[in-house]
Amino acid sequence: MKPEGRLHAAPPRRPGQDPWWVRWTLTLAAVGVVGLLVIVPLVSVFYQALADGVGTYWKNLIADPDTRHAIRLTLGVAPLAVAANLVFGTAAAWVIARFRFPGRTVLMTLIDLPFSVSPVVAGLVFVLLFGLQGYFGPWLRAHGLKVIFAAPGLVLVTTFVTLPFIARELIPVLEAVGADEELAAVSLGARGWQVFSWVTLPNIKWGLLYGLILCNARAMGEFGAVYVVSGHIAGRTDTVPLRVEKLFQEYNTPGSFAVASVLTLLALVTLVVKVALERRVAVVEPEIPPDRTRGGES
Amino acid sequence: MSITVKDVTKRFGKFTALDHVNLEVPGGSLVALLGPSGSGKTTLLRIIAGLEVADSGVVWYAGEDVTRRSARERNIGFVFQHYALFRHLSVFENIAFGLRVRRWPKDRVAGRVRELLRLIRLEGLERRQPSELSGGQRQRVALARALAAQPRLLLLDEPFGALDAKVRQELRQWLRRLHEEIHMTSVFVTHDQEEAFEVADKVVVMRAGQVEQSGTPQEVFDHPANAFVMDFLGNVNVFHGRAQNGRLHVGGMQVAYPEYPHDQARPATAYVRPHELDISATSEGPGSLAARVLHVNPAGSVAKVQLLAGDSGLALQVDLSLSRYAELGLKAGDAVYVCPRRVRVFLPDDYAI
């Protein structure tokens, strides 16, 4: 604290402006936390991955057949889950934004459920449903279908975990755009599919892309639910995140970090695309307001 | 092509938007659905368009029952209140939309769009985005888009509602001229009685989901069916009094009212339009009411005089011709007499004001 006598000499403060030491302390705290919890780990992933040189790094990624398989598996599972959510999310968002029906709020809440449920629980539920001892297990087995400890299970839980991303992103966009243009298209003779692809889709494309990017990032990075249903079988059901963990458990730190760096890169790319899209979504032509100011020339 | 709406009812939850409505739109005419907000006029328009489905009742286009047809199959042109232009498409593509949907060949599309651009006088702006147009221009694009595929009828929902007064005036006259050129059966919704009277061949006044009156603007204005219509169609002075023995008593004033010859007094309301009241310096007997001039506004085609009548303190509005105003030399504070030239009396159970 400053001595009393100097107080009156201080420049008058604007209301709402805090003293410099408050601002600096808070800023430093925020920067410090981000640096410690985000930047340092991020840098260390790449540092560890490249600790033995680029050659070793590349070998860690490519030479191990199990790692190669994990990358291939993730590249297969994630797009399938994203595609499923593209269809489901768009349909659900459209229904919720356009119609008022009994159970609408329940549907909205249920779409959010995967956000609040622990992925491990989600995985267990699917094991319970489709596992050998599960409700559908015997039937699936009788028909020679394998869901748990196999790729279909991975797709299923990944879809579940990423369910909210696209629907959540699209509902506010659809509500902001409004139904007027769709109605106009119908009045002009457009069929349902034409209305969607010629009017609705162009209006929501940036929001949709944004949702897709986030959904994909989560799908590729999912660990908990996938861990439970995959059985963690190297070379068969290990996805990239599972592979990272396994390599780490096997004391193969450089290998583990090399694979981790791939996931981190994916996260960084997602972040960049996301920021670019956010700008796009914000700039995208706002709803045409009823014009009262520019009506002069006609 | 004529439109017939028979006994149409539409509810939204507990709210009855349309209550057994009947409507007749003669082929080639321009009809205005006029009413305050919540009167059901837009719902009726949407049901005619097929954008909304009636709970009961039928809609006919000429001899064809279209009640179960979707808007897509009805081949109509619909102009939305806030234009609803496709914001991601250029003016050209907006107008061409209905033609692309119908898979018109490219050169015919281009020809038709050019024709419409000429009609709405926006040649040269076809590459603009809707966001680069003024309100009036957007409205005309919306109209051209609706007309492009040669619809059987044109439906307009508050077409000029979002425009400023001057543009609105111009577009009204333009719409009227356009209608005279193409003679397409048209229905438009408005809450502005002036707009309805200026543009329409036939006016349908609606209130609370029902049609109160329909007829030519002249008929409706001169012979309002009830107090609501009278009140809705422009400024009116309201006198509350009682009817007895063929006369209406308001304050110290008496007016002949032969429609009520009974002995028993009954509350009644008299309506007089501002231009149907005269002002004189001296009393004209029991047919006039003492009043004091509050304010005079002679700027315009008539002099608008505000008065306070008699001891009851009733505010009155009188439109005087400028010559009559000059003759009287009125100014605020003058004691004068007000004399109705024409009175319409409604017994209040028709409509409580």
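Nothing in this text is a laboratory measurement; each read-out follows from the coordinates by a stated rule. Small disclaimer: the values here were computed from a predicted structure and weren't measured. Note that we place each Cβ from the backbone using ideal geometry, even for glycine, and neighbour counts take in every protein chain shown.
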Seminar exercise, completed: Going residue by residue through region A:242-259, the Karplus relation 6.51 cos²θ - 1.76 cosθ + 1.60 with θ = phi - 60° gives ³J(HN,Hα) values, rounded to whole Hz and with x marking Gly or Pro, of 5, 5, 4, 5, 5, 4, 5, 5, 8, 6, 8, 4, x, x, 4, 6, 4, 5
For this session: Taking the Cα centre of the protein assembly as shown as origin, work out the dipole magnitude from +1 charges on Lys and Arg Cβ and -1 charges on Asp and Glu Cβ, in debye rounded to 20.
Result: 1800 debye
Exercise. Nearest 0.05, what FRET efficiency do B:Val238 and B:Ser323 give at R0 = 22 Å with Cβ-Cβ as r?
Worked result: 0.20
Seminar exercise, completed: Rounded to 0.05, the calculated FRET efficiency for the beta carbons of A:Leu26 and A:Val275 at R₀ = 35 Å is 0.90
For this session: Please name whichever of B:Thr9, B:Ala96, B:Ala225 sits farthest to the positive end of the charge dipole of region B:3-232, dipole taken about the Cα centre and charges placed at Cβ: Lys and Arg +1, Asp and Glu -1.
Result: B:Ala96
Seminar exercise, completed: Expressed as a whole number, the average count of other chain Cβ atoms within 10 Å around the Cβ atoms of B:130-137 is 5
Problem set entry | Charge context of A:Glu245, other residues only, Cβ under 14 angstrom, K/R +1, D/E -1 | -2
Exercise. If the cut-off is a Cα-Cα distance under 14 Å, which aspartates and glutamates reach B:Lys106, setting aside same-chain residues fewer than 8 apart in sequence?
Worked result: B:Glu93
Problem set entry | Shape call, the protein assembly as shown: gyration tensor on alpha carbons, a/c limit 1.5 | prolate
For this session: Determine the calculated [θ] at 222 nm for chain B from helices alone, applying -39500 (n - 2.57) to every DSSP H run no shorter than 4 residues and normalising by the residue count; nearest 500 deg cm²/dmol.
Result: -8000 deg cm²/dmol
Exercise. Anyone know which of A:Ala93, A:Ala167, A:Ala185 comes out most mobile in the 10 Å Cα GNM of chain A?
Worked result: A:Ala185
Problem set entry | Fluctuation leader among A:Val199, A:Val33, A:Val120 - chain A, Gaussian network, Cα springs under 10 angstrom | A:Val33
For this session: Would you please give the residues with an amide H less than 5 Å from that of B:Leu277, counting only those at least 5 places away or on a separate chain, with H modeled from the backbone geometry?
Result: B:Asp319, B:Arg341
For this session: Pull up the DSSP beta bridges for region B:54-199 and report the antiparallel fraction as a percent, rounded to 5.
Result: 25 percent
For this session: Would you please classify the overall shape of chain A from the alpha carbon gyration tensor, given that a ≥ b ≥ c denote the square roots of the eigenvalues, rounded means a/c under 1.5, and beyond that prolate means a/b larger than b/c while oblate covers the rest?
Result: oblate
Problem set entry | HN-Hα J in Hz across region B:138-148 - Karplus 6.51, -1.76, 1.60, θ = phi - 60°, x for Gly and Pro | 4, 4, 6, 5, 4, 5, 4, 4, 5, 8, 3
Seminar exercise, completed: Under a Gaussian network model of chain B whose springs join Cα atoms within less than 10 Å, the largest fluctuation of B:Ile182, B:Ile120, B:Ile279 belongs to B:Ile182
Problem set entry | Cα-Cα over 21 Å, subset of B:Lys14/B:Lys202; B:Lys41/B:Lys304; A:Lys59/A:Lys246; A:Lys59/A:Lys274; B:Lys14/B:Lys41 | B:Lys14/B:Lys202; B:Lys41/B:Lys304; A:Lys59/A:Lys274
For this session: Return the long-range amide H neighbours of B:Leu156 (sequence gap of 5 or more, or a different chain), with a cut-off of under 5 Å between placed amide H atoms.
Result: B:Val79, B:Val187, B:Phe188, B:Val189
For this session: Quote the charge dipole size of chain A about the Cα centre in Debye, to the nearest 20; the model charges only the Cβ of Lys and Arg (+1) and of Asp and Glu (-1).
Result: 200 debye
Exercise. Short version: ³J(HN,Hα) in whole Hz for each residue of region A:115-127, in order, from phi by Karplus 6.51 cos²θ - 1.76 cosθ + 1.60 (θ = phi - 60°), x for Gly and Pro, what are they?
Worked result: 5, 9, 7, 5, x, 4, 4, 4, x, 4, 4, 5, 4
